[in-house]
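J.: One structure follows; several queries about it will come next.
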Amino acid sequence: MREYSGSVFLADCPARLAIEIIADKWAVVVLFALSREPCRHGELVDLIGGISRKVLTQTLRRLQGYGLVDRHAEAGKVEYVLTDLGRTLVRPIAVLTEWAHEHGAAVVEFQESETDQVSSASPARPATAV
């Protein structure tokens, strides 16, 4: 395992930058979508369920600002593509995806059991007179 100087607890630690990038709800999904092939804005909207055009635009601009995505405009056609730097995140994203496939059901089960425990532990509310 590689050693890094500094601590993840320090503001200037490179690990915090990585976390900032992938902590965005849509960034990882957009990066993973672009890992397959370059896409137009509308294609990404169709491919990624639940993302609005506005949020996709904001996400793409943010990823461009990090140097992870390029915008190519040619003959009125605009496509987004991963940069070489952006492609370095494909494998870590794939690892997170594998983790989600293997452990996602356990997380959901835990959340449901916690919700059930909170519901059963709540005292019954007395009826109030109106």
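J.: For S119, what accessible surface area do you get with a 1.4 Å probe? Give it in Å², rounded to 10.
T.: Roughly 80 Å² of S119 is accessible to a 1.4 Å probe.
J.: Take peptides 21-32, 91-102 and line them up by average Cβ neighbours within 10 Å, highest first, as a rough protection proxy.
T.: Output ranking for 21-32, 91-102: 21-32, 91-102.
J.: Cα convex hull of the stretch 21-90: mean projected area in nm², to one decimal?
T.: 4.3
J.: Determine the relative contact order of the chain: mean sequence separation of Cα pairs under 8 Å and six or more apart, normalised by residue count, in whole percent. Show your work: numbers first, answer last.
T.: Values: 88 pairs, mean separation 24.7, N = 130.
19 percent.
J.: Kindly provide the helix-only [θ] at 222 nm of the chain, computed as the sum of -39,500 (n - 2.57) over DSSP H runs of four or more divided by all residues, to the nearest 500 deg cm²/dmol?
T.: When only DSSP H runs of four or more count, the value is -18500 deg cm²/dmol.
J.: Can you match Cα Rg over 2.2 N^0.38 Å to one of these, [x] 0.98; [y] 1.48; [z] 1.10, based on a calculation from the structure here?
T.: [y]
J.: At 1.4 Å probe size, with every protein chain present, just tell me what the per residue accessible area of the stretch 5-67 comes to in Å².
T.: Working: 3970 Å² over 63 residues.
Per residue, the stretch 5-67 has an accessible area of 63 Å².
J.: Might you report the magnitude of the Cβ-based charge dipole of the chain about its Cα centre, with Lys and Arg at +1 and Asp and Glu at -1, to the nearest 20 debye?
T.: Working: 14 positive and 17 negative charges, 109 e Å.
For this selection, approximately 520 debye.
J.: How far, in degrees from 0 to 90, does helix 90-121 lean away from the longest principal axis of the Cα atoms of the chain, to the nearest 10?
T.: 10
J.: A follow-up question, please. Through the Karplus equation 6.51 cos²θ - 1.76 cosθ + 1.60, θ set to phi - 60°, convert the phi angles of the stretch 43-50 into ³J(HN,Hα) values in whole Hz; use x for Gly and Pro.
T.: Coupling constants for the stretch 43-50: 5, 5, 4, 5, 6, 9, x, x Hz.
J.: Once you list every other residue whose beta carbon is under 13 Å from the beta carbon of S120, what net charge do they have if Lys and Arg are +1 and Asp and Glu are -1?
T.: -3
J.: Placing +1 at every Lys and Arg Cβ and -1 at every Asp and Glu Cβ, with all other atoms neutral, what dipole size does the stretch 64-124 have around its Cα centre, in debye to the nearest 20?
T.: Value, rounded to 20: 360 debye.
J.: With θ set to phi - 60°, apply the Karplus curve 6.51 cos²θ - 1.76 cosθ + 1.60 along the stretch 60-75 and write out the HN-Hα couplings as whole Hz, x wherever there is a Gly or Pro.
T.: After applying 6.51 cos²θ - 1.76 cosθ + 1.60, I find 4, 5, 4, 5, 5, x, 8, x, 9, 10, 10, 10, 10, 10, 9, 6 Hz.
The values are calculated or read from the model by the stated rules, or taken from the named source; none is laboratory data. Small disclaimer: the values here were computed from a predicted structure and weren't measured. Because the Cβ atoms are built from the backbone with ideal geometry, glycine has one as well, and the counts that use them run over all protein chains shown. Areas reflect the complete protein model, heavy atoms only, side chains present, ligands, DNA and RNA absent. Shrake-Rupley method; radii C 1.70, N 1.55, O 1.52, S 1.80 Å.
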